[in-house]
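**Q** First the structure, which I've put down as structure tokens, then a few questions once you've had a look.
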Amino acid sequence: MTAEIISGKEIAKQISEELKQEVRRLKYEHQMVPGLATVLLGDDPASQVYVNSKVKMCESLGIRSSRYDLPSETNEATLLELVARLNKDFQVHGILVQLPLPEHIDESKVLMTIDPGKDVDGFHPVNVGKLMIGEPDFLPCTPHGIQQLLVRSGVEIEGADVVVVGRSNIVGKPVANILLQKKPGANATVTICHTRTRDMAAHTRRADILIVAAGKPKAINADMVKDGAVVIDVGVHRIGKTAEGKSILCGDVDFESVKEKARAITPVPGGVGPMTIVMLMTNTIKAAKMAAGLV
Ligand SMILES: NC(=O)c1ccc[n+]([C@@H]2O[C@H](COP(=O)([O-])OP(=O)(O)OC[C@H]3O[C@@H](n4cnc5c(N)ncnc54)[C@H](OP(=O)(O)O)[C@@H]3O)[C@@H](O)[C@H]2O)c1
């Protein structure tokens, strides 16, 4: 069996068309334009690429973006002051502080300063807690994107054995929580594996849906996957460059071997990656609707 490819690129395109319509509707029916502020410290090339693509996506959907690029030596007080100002700005509905921040800045202090109603990354403890009790305002973008990939590909999640490899606060734990919710598109039986898990393959081989966010290139091979499983590969690793200087990427899953065993699989690139950014746009629109009392 060769697996069906779950194209995040295609599904993200579908969702962005829906979001474009929604932004248009908000403009004509409610005279409002959702706004996202991005804050970037320093000149890390990967972070710049991420922020550029977020700003570009805002433009293509009709979302107002305001961009704050600050030097890497900006002190914590200045950054906190900017966040506090954005919290009060009624044209800004979502605030995104691009991570990682330089070492002299306390990341968690900054994230805690963002108004939870504008926390479109879903990292504020208030939003983490709301997800935990099943009443989320904002779902974190990558985990929400994974759920959407499954739902929109027609994968049955209810009752499925889902195994998540990785327990980070940005991917592993929240995706497990999302799929555990007592709601449509969830209701799975979820196991989380990490570096202290004994006999990880025994767990992964049981998975109807295997979600891998280990941050280790090709950590999962075909021997660790059940016949007919659905495999979602969150990892992104640059493993070289083409003659034209383009990055060669791979994921946490050995795609070539696993695709012969799985029923469906996400590629890298073009799988989870494109979903993260559209879910950020989804959250920004939701934040604007919340601010206007529309949800
Ligand atoms: N496409 C996207 O939009 C997107 C978004 C976010 C992240 N990513 C990618 O996804 C990957 C994971 O990101 P992350 O932020 O969650 O990583 P992370 O913070 O490094 O967490 C990795 C997790 O995997 C576990 N782990 C590592 N090696 C393992 C192994 N051999 N067996 C079992 N568990 C193992 C670690 O366990 P311990 O807790 O025990 O250390 C940890 O919980 C990275 O490649 C990242 O670049 C992609």
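**Q** Is it fair to say residue 217 is in contact (Cβ under 8 Å) with a residue 60 or more places away in the chain and either more than 21 Å from residue 151 (Cα to Cα) or within 14 Å of the ligand (Cβ to nearest atom) (or both)? Steps first, please.
**A** Details: in contact (Cβ under 8 Å) with a residue 60 or more places away in the chain: no; either more than 21 Å from residue 151 (Cα to Cα) or within 14 Å of the ligand (Cβ to nearest atom) (or both): yes.
Answer is no for this residue.
**Q** Separate question: Tell me which residues, restricted to region 225-237, are free of Cβ contacts under 8 Å to residues at least 60 places away in the same chain and within 10 Å of the ligand (Cβ to nearest atom). Even if it seems obvious, please write down each step before you answer.
**A** Of all residues in region 225-237, those free of Cβ contacts under 8 Å to residues at least 60 places away in the same chain come to 225-226, 229, 233, 235-237.
Those that are free of Cβ contacts under 8 Å to residues at least 60 places away in the same chain and within 10 Å of the ligand (Cβ to nearest atom): 233, 235, 236, 237.
**Q** Condition check: in contact with a Leu (Cβ under 7 Å, 6 or more places away or on another chain), of a type in the set (Gly, Ala, Ser) and surrounded by fewer than 19 Cβ atoms within 10 Å (Cβ to Cβ). Does residue 72 satisfy that?
**A** Values: in contact with a Leu (Cβ under 7 Å, 6 or more places away or on another chain): yes; of a type in the set (Gly, Ala, Ser): yes; surrounded by fewer than 19 Cβ atoms within 10 Å (Cβ to Cβ): yes.
So residue 72 passes the test.
**Q** Sticking with this structure for a sec: Is one or more of the residues making up region 254-272 out of contact with any helix residue (DSSP H, G or I) (no Cβ under 9 Å at 6 or more places or on another chain), modelled with pLDDT of 95 or more and on the phi > 0 side of the Ramachandran plot?
**A** no
**Q** So in region 196-235, with the set limited to residues that are within 15 Å of residue 251 (Cα to Cα) and of a type in the set (D, E, K, R), which one is farthest from the chain's Cα centre (by Cα)?
**A** My answer is 218.
**Q** Filter region 150-176 for residues that are within 11 Å of the ligand (Cβ to nearest atom) and within 20 Å of residue 227 (Cα to Cα) and give the result.
**A** Selection gives 163, 164, 165.
The values are calculated or read from the model by the stated rules, or taken from the named source; none is laboratory data. The shown structure was predicted, so the numbers you read here are calculated from the model rather than taken from an experiment. Glycine also receives a Cβ, built like all others from the backbone with ideal geometry; neighbour counts cover every protein chain displayed.
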